[in-house]
There are 2 protein chains.
Amino acid sequence: MKDILILGAGLSTTSLIEYLLEHAEEFDWHIVVADIDEELARRKVNGNPRGKAITFDIHDDLESWRTIAKADIVISMLPAFMHHFVAKKCIDLRKPMLTASYVTDEIKEFDELARKAGIPILMELGVDPGIDHMSAMNVINGIKEKGGDILSFYSFTGGLVAPESDNNPWNYKLTWNPRNVVMAGTGVSKFIQQGNYKYIPYFRLFDRIQTRKILNYGEFEAYANRDSLSYREIYGLKNIPSMYRGTLRRPGFVKAWNVFVQLGATDDTYRLEDSENMTYRDFINSFMQYEPTVPVEIKLQNYCRSASDPVVFEKLKWLGIFDKRKIGLKNATPAEVLQKLIKEKWKLDPDDKDLLVMQHEFKYKLGDEVKMIVSAMALEGENQEQTAMAKTVGLPLAIATKLLATGQINKTGIHRPIDKDMYEPILTELKRYDICFKETEYLVDQS
Amino acid sequence: MKDILILGAGLSTTSLIEYLLEHAEEFDWHIVVADIDEELARRKVNGNPRGKAITFDIHDDLESWRTIAKADIVISMLPAFMHHFVAKKCIDLRKPMLTASYVTDEIKEFDELARKAGIPILMELGVDPGIDHMSAMNVINGIKEKGGDILSFYSFTGGLVAPESDNNPWNYKLTWNPRNVVMAGTGVSKFIQQGNYKYIPYFRLFDRIQTRKILNYGEFEAYANRDSLSYREIYGLKNIPSMYRGTLRRPGFVKAWNVFVQLGATDDTYRLEDSENMTYRDFINSFMQYEPTVPVEIKLQNYCRSASDPVVFEKLKWLGIFDKRKIGLKNATPAEVLQKLIKEKWKLDPDDKDLLVMQHEFKYKLGDEVKMIVSAMALEGENQEQTAMAKTVGLPLAIATKLLATGQINKTGIHRPIDKDMYEPILTELKRYDICFKETEYLVDQS
């Protein structure tokens, strides 16, 4: 028997927990779901005799030590900044660990220790990062095996709302951490095109979009997704002339969101004076010139040109940014105010279906020919709980856990799912859950 | 006899050291100038028998301990981030300390310790911060004494180049740390107008300018200078409805500089790939779209609208940003590249005179009348060494040192020069050096 411990029972854990419980009998697993909110953990276990819900607080050193000591495998679904506390304990107690989060510089330092302890720390096992790596490496290795030379790699991912549930002017609803949606794109975005390094600062990011049609889902817009350059090394494409990763939104979203960016309303580095007594209208007004005789709506259209586009203006108005309604947040940053607003307005209704879309585009040279492979995937959720986001984040992680528990992965140290022994069985099993990539290949006309 | 120790002999110390050496005989002072570069210290002492040059490294704990132990008064002209090391030692050794730098949160924590040690740490004794505080408090206390109620306070300062030495299209030359010029305005700028809090993010700061005519120096443009709100408490104006501090530049500078801001070329948070082999032209190109058939000049005019203004474009071209000349900096941030360029191009020639301008504007209510006081100062330098910047930074500090050495300041703990016992004698003596404010008062028409 194996004890599998899941730390955290939040948003993206539904499918992960379901999978493990469903397979618990077959593999003689015992599934412990641990959360600071025991009731939440209990709801996820849902009375399954193979499961158990417990209270867990990573900051309670002794208790978390004890809990981890009892497990055979640890899956951390805690907020990303907590992973290194978990990793530290897993190394000391020699417990394999899995997570869907990024390999940060902080975590990287545990690689040597994990190797010495003889345990694997398998990371980036969700959707982005996760399925993006696996599906990309699958194509990359295919091209390399037949002797092709990869010229460019463009990759796009978006967590959106399915067409049938798409009933707001932003064509967007929240399927993950709203804070990450507010902060999306902060910092600089880096990529390379035909050997030219390109850098886009945050406040220009939403000016520089690409458009794509994907599968039968119509049109999308994409903006650059942070540091695309670092993926060259991860994917073994160190000398690739063009490499770009983008985030997908429905057409029009980016132009409207850019109004908030241009105002400075997504800033999380300072606190607004007296935010408690501010209305949403005051909030928007605080970023613009003092002109008491001009209505905020008009000022905004003068200050951010794109706000004078009626399609953009409708989106802004629908969000309620001109309302004289109190925000009711003490000592808040601008980003926190915006987060509160979108959390209300972009909420998934109980029966809403979300949509997860991913597309990779490879150009490669084989002999005298230049070819293009487009590999695309789309998955719709079932409802507010069984989201495409929860499935694409949770299932690869669950399958990796199964592979580990059944001895099919033998690694030590920190790993992303970029090796065939990991991505092949995971991609194969994901197809059963309708997570599958449709691959098309073209000959590129070079004339 | 008193031993006065000056730590650092850099850019802004010329007038400070001269003043102290000139008064050394009269007050029986011995002046020790300490710098990591002993030769630089020696040049500043210039053979004066009352002076001595020594090597000094704040990171050499034992040696710096010994050096400070020998002094009666310590003036720190080291880079701002080093002041807290000096302050720590001054407290332990019970030596009064003076500096021209800001009271940071880090330094603030020493207030209690300095009080207990019975020593003063007198800070913000340069020009901005420094003369701005003194001249403002002089007017503020004047208004309060006659029972006036201050309605608004606008304050502007600029370090520029004097008209007779003004021979480049930017109408600007460097008189202080070029890094600070590149980074000017980063973060958010905060102020209050008619009771309305206003916030401007960095990338919109140079869009929102005010214009002023000051004394006989013609027109200037101003952009908001970081956190004006915090000055309300410092100046005892907690409930003032309008408070704004601005930085002065000659008309046209801000619009052209904004092109670099809009590109992201002032970013100091990441390092450019292969910057060593980049030309300035590549540098500019790296912030714009890949369009190999369009020249960088045209792309820039399309990407940053203001660059298509021929007056702006001439400034950019003059700086050499389109040159195919190698930058020659390894592993540089964009800000470092820009800093290297302006250091070359905006250098003061040996006989160049700089210009320091400051203007305060107060509106206040007295009985039924609303009045306006404008208090303005301008000072020109003599040459590359005897700059207005060095005088306005160094002289208030030197005079404060004299007041302290002669027992006319009796304080313990951390202080800015906002009390009459400090600002009155300093402002009075500064007049002898042509640093004096011209005050005019108007009646404001309220109809």
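General remarks:
- Helix runs (DSSP H) in chain A reaching 20 Å along axis by Cα, Kyte-Doolittle at least 0.0: A:131-145, A:388-405
- When the Cα positions of A:51, A:290, A:231 are compared along the charge dipole of the protein assembly as shown, A:290 comes out farthest toward the positive end, with charges on each C-beta of Lys, Arg, Asp and Glu.
- Distances between equivalent label points of residue B:57 across the copies, with each point positioned 7 Å along Cα→Cβ, amount to 4.9 nm, shortest listed first.
- Carbon + sulfur, % of accessible area of the protein assembly as shown - ligands and nucleic acids excluded, 1.4 Å: 47 percent
- Estimated FRET transfer efficiency when R0 is 51 angstrom, pair residue B:291-residue A:270 (beta carbons, to 0.05): 0.85
- Computed accessible area, residue B:66, all protein chains, 1.4 angstrom probe, square angstrom: 120 Å²
- Percentage relative contact order, segment A:197-278, counting C-alpha pairs under 8 Å, at least six apart: 26 percent
- Hydrodynamic radius of segment B:204-272 per Kirkwood, over alpha carbon pairs, in Å: 14.2 Å
- Approximating the spin labels as points 7 Å out from Cα along Cα→Cβ, the residue B:433-to-residue B:314 distance works out to 3.7 nm.
- Summing charges over neighbours of residue B:422, with a neighbour being any other residue whose Cβ is under 10 Å away from its Cβ, gives 0 when K and R count +1 and D and E count -1.
- Convex hull volume of segment B:91-222 per residue (C-alpha atoms, cubic angstrom): 191 Å³
- Pairwise label distance in nanometres, residue A:234 with residue A:63, each label 7 Å out on the Cα-Cβ vector: 3.4 nm
- Innermost chain B residue relative to the axis carrying B onto A, by Cβ distance in angstrom: B:203, 2
- Semi-axis lengths (Å, descending) of the ellipsoid that matches the C-alpha gyration tensor of chain B: 37, 30, 20
- In terms of its Cα atoms, the protein assembly as shown spans 95, 62, 57 Å along the principal axes, sorted from long to short.
- Just so you know, the Cα atoms of segment A:254-406 work out to an Rg and Dmax of 21.9, 71 Å.
- Rounded to the nearest 20 debye, dipole of chain B from Cβ charges on Lys, Arg, Asp, Glu: 700 debye
- Subset of B:315/B:353; B:88/B:190; A:52/A:330 violating a 26 Å alpha-carbon distance limit: B:88/B:190; A:52/A:330
- For residue B:85, net neighbour charge (Lys/Arg +1, Asp/Glu -1) across residues whose Cβ lies under 14 Å away: -4
- Listed residue pairs exceeding 32 Å between alpha carbons, taken from A:340/B:198; B:173/B:431; A:44/A:255: A:44/A:255
- Per-residue ellipticity at 222 nm computed for chain A from its helices equals -10000 deg cm²/dmol, with DSSP H segments shorter than 4 residues left out and the rest contributing -39,500 (n - 2.57).
- Distance in nm between pseudo-label sites at residue A:72 and residue B:279 (7 Å out along the Cβ direction from Cα): 6.5 nm
- Accessible area per residue in Å² at 1.4 Å probe, computed on chain A: 41 Å²
- Selection from A:244, A:206, A:262, by position along the positive dipole direction of segment A:203-287 (Cβ): A:244
- Computed E for residue B:176/residue B:82 - FRET, C-beta separation, R0 22 angstrom, nearest 0.05: 0.85
- Residues A:371, B:330, sorted by accessible area with the largest first, give B:330, A:371 [1.4 Å probe; ligands and nucleic acids excluded].
- Backbone N atoms of segment B:315-352 closer than 14 Å to the 7 Å Cα→Cβ label point of residue B:219 are not found in any residue.
- Dimensions of segment A:272-332 from C-alpha coordinates, computed as largest minus smallest value along each principal axis and given longest first, are 33, 24, 16 Å.
- Dipole magnitude of the protein assembly as shown about its Cα centre (Cβ charges: Lys, Arg +1; Asp, Glu -1), debye to nearest 20: 540 debye
- The listed residues B:352, B:166, B:368, once ranked by accessible area (1.4 Å probe) with the largest placed first, stand as B:368, B:166, B:352.
- Residues of segment B:182-202 that bury at least 10 Å² of accessible area once all protein chains are present, compared with their chain alone (1.4 Å probe, heavy atoms only, ligands and nucleic acids left out), are B:188, B:190, B:193, B:194, B:196, B:197, B:198, B:199, B:201.
- Cα centroid separation, segment A:282-305 to segment B:7-74 (Å): 53 Å
- Think of each Lys and Arg Cβ as +1 and each Asp and Glu Cβ as -1; about the Cα centre, that makes the dipole of segment A:67-157 roughly 420 debye.
- Total buried accessible area between A and B, probe 1.4 Å, nearest 100: 3100 Å².
- Label point at residue B:40 placed 7 Å out along Cα→Cβ; residues across segment B:169-192 whose backbone nitrogen lies under 20 Å: B:174-183
- Radius of gyration, Dmax [segment B:2-123; alpha carbons; angstrom]: 13.6, 40
- Contact order for chain B, expressed relative to its length and based on alpha carbon pairs under 8 Å spaced 6+ residues apart, stands at 20 percent.
- Qualifying trypsin sites (Lys or Arg not before Pro) in segment B:404-447, DSSP loop, other Cβ atoms within 10 Å at most 13: B:432
The values are calculated or read from the model by the stated rules, or taken from the named source; none is laboratory data. Quick caveat: nothing in here was measured; it's all calculated off a predicted structure. As a convention, Cβ positions derive from the backbone with ideal geometry for all residues, glycine included, and neighbour counts pool all protein chains shown. Side chains included, ligands, DNA and RNA excluded: accessible areas come from the protein's heavy atoms. Shrake-Rupley method; radii C 1.70, N 1.55, O 1.52, S 1.80 Å.
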